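**Q** Structure in structure tokens, see below.
The values are calculated or read from the model by the stated rules, or taken from the named source; none is laboratory data. Worth saying up front: this structure is predicted, and the values here are computed from it rather than measured. Here the Cβ is made from the backbone with ideal geometry for all residues, glycine too, and neighbour counts use every protein chain on show.
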Amino acid sequence: MINRSLGLAPGVPASSWAPGAIPPSEPSVERPLNPPHRRRGEGGAETIEMILILPALMLLIVVGLQLAMWGLAAHALGLAVAEGGATARAEFGSSSSAEAVVTRDVGSITGSLVGSLEVHVRAMPDDFVAVSATGSVPSIVPGLDLRVAAVSTGPVQGFRPSG
């Protein structure tokens, strides 16, 4: 017996419906295997896109890492040269202690990130001291040679009699 007053689909017997139960719905429609937006002949498009995009993405990541290494080395060298310059100015132009401070500070901040470090301390006219340092950054990008440099200049600190 079919009962349309209960909202049952045609062909569903009233005996299969119980109060509070959800009446059965229409059968589900299966989706096609190929999405409708795909055209014929685009089966390997993802592979080609990945072959083109993945190396470019990897190159961007490697270049970003290289620039981060260079930035860290430049910042560390600048801090170390400033500290070495302060030491040279406080010790009346002592070049050996300023070189030792720069070398120690660069090594403690960056480890072996700055290679072939060269430190120069110069006494300038009017009791000024200049500390400069240069170094190289290891390259992860083939054929790229990055260098870092920093300079600190200031007057020698000490007592100067008036006159």
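**Q** Hey, can you tell me all the residues within the stretch 118-133 that are touching a residue at least 24 places away in the same chain (Cβ under 8 Å) and either closer than 13 Å to G84 by Cα or not acidic (D, E) (or both)?
**A** The answer is V119, V121, A123, M124, F128, V129, A130, V131, S132, A133.
**Q** Mind telling me which of the residues A73, A133 ends up being at pLDDT 90 or above, under 30 Å from M58 (Cβ atoms) and in contact with a Leu (Cβ under 7 Å, 6 or more places away or on another chain)? Even if it seems obvious, please write down each step before you answer.
**A** Values: A133 fails: under 30 Å from M58 (Cβ atoms).
Criteria check complete, one pass: A73.
**Q** Tally up the residues in the stretch 144-160 that are closer than 20 Å to F92 by Cβ and in a loop (DSSP other than H, G, I, E, B), please.
**A** Of the stretch 144-160, the ones closer than 20 Å to F92 by Cβ are 151-160.
The next check asks that each one be in a loop (DSSP other than H, G, I, E, B); those that pass are 156-160.
The number of residues fulfilling the criteria is 5.
**Q** Regarding V141, is this residue buried (at least 17 other Cβ atoms within 10 Å of the Cβ) and either farther than 19 Å from R89 by Cβ or in contact with a helix residue (DSSP H, G or I) (Cβ under 7 Å, 6 or more places away or on another chain) (or both)? Please lay out each step first, then the result.
**A** Working: buried (at least 17 other Cβ atoms within 10 Å of the Cβ): no; either farther than 19 Å from R89 by Cβ or in contact with a helix residue (DSSP H, G or I) (Cβ under 7 Å, 6 or more places away or on another chain) (or both): yes.
Here the answer is no, as V141 does not meet what is asked.
**Q** Another question, then. Check whether at least one residue in the stretch 93-113 is touching a residue at least 40 places away in the same chain (Cβ under 8 Å), under 19 Å from A149 (Cα atoms) and among the hydrophobic types (A, V, I, L, M, F, W, C), and report yes or no. If you could, list the steps in order and put the result at the bottom.
**A** Filtering the stretch 93-113 for residues touching a residue at least 40 places away in the same chain (Cβ under 8 Å) gives 93, 113.
Keeping just the survivors that are under 19 Å from A149 (Cα atoms) gives 113.
Narrowing the set further to residues that are among the hydrophobic types (A, V, I, L, M, F, W, C) leaves 113.
Yes, because at least one residue in the stretch 93-113 is touching a residue at least 40 places away in the same chain (Cβ under 8 Å), under 19 Å from A149 (Cα atoms) and among the hydrophobic types (A, V, I, L, M, F, W, C).
**Q** Considering the stretch 75-122 alone, what residues qualify as being of a type outside the set (K, R), assigned to a strand (DSSP E or B) and surrounded by fewer than 19 Cβ atoms within 10 Å (Cβ to Cβ)?
**A** G115, S116, L117, E118, H120 - these are the residues of the stretch 75-122 that are of a type outside the set (K, R), assigned to a strand (DSSP E or B) and surrounded by fewer than 19 Cβ atoms within 10 Å (Cβ to Cβ).
**Q** Could you check how many residues of the stretch 104-124 are hydroxyl-bearing (S, T, Y) and in contact with a helix residue (DSSP H, G or I) (Cβ under 8 Å, 6 or more places away or on another chain)?
**A** In the first step, residues of the stretch 104-124 are kept if they are hydroxyl-bearing (S, T, Y); the result is 108, 110, 112, 116.
Going one step further and asking which of them are in contact with a helix residue (DSSP H, G or I) (Cβ under 8 Å, 6 or more places away or on another chain), we end up with 110.
Residues that pass the stated criteria total 1.
**Q** Which one of these does R160 not meet: (1) of a type in the set (D, E, K, R); (2) surrounded by 11 or more Cβ atoms within 10 Å (Cβ to Cβ); (3) modelled with pLDDT under 85; (4) on the phi < 0 side of the Ramachandran plot?
**A** (2)
**Q** Which numbered condition in (1) modelled with pLDDT of 90 or more; (2) surrounded by 10 or more Cβ atoms within 10 Å (Cβ to Cβ) is the only one that A56 fails?
**A** (2)
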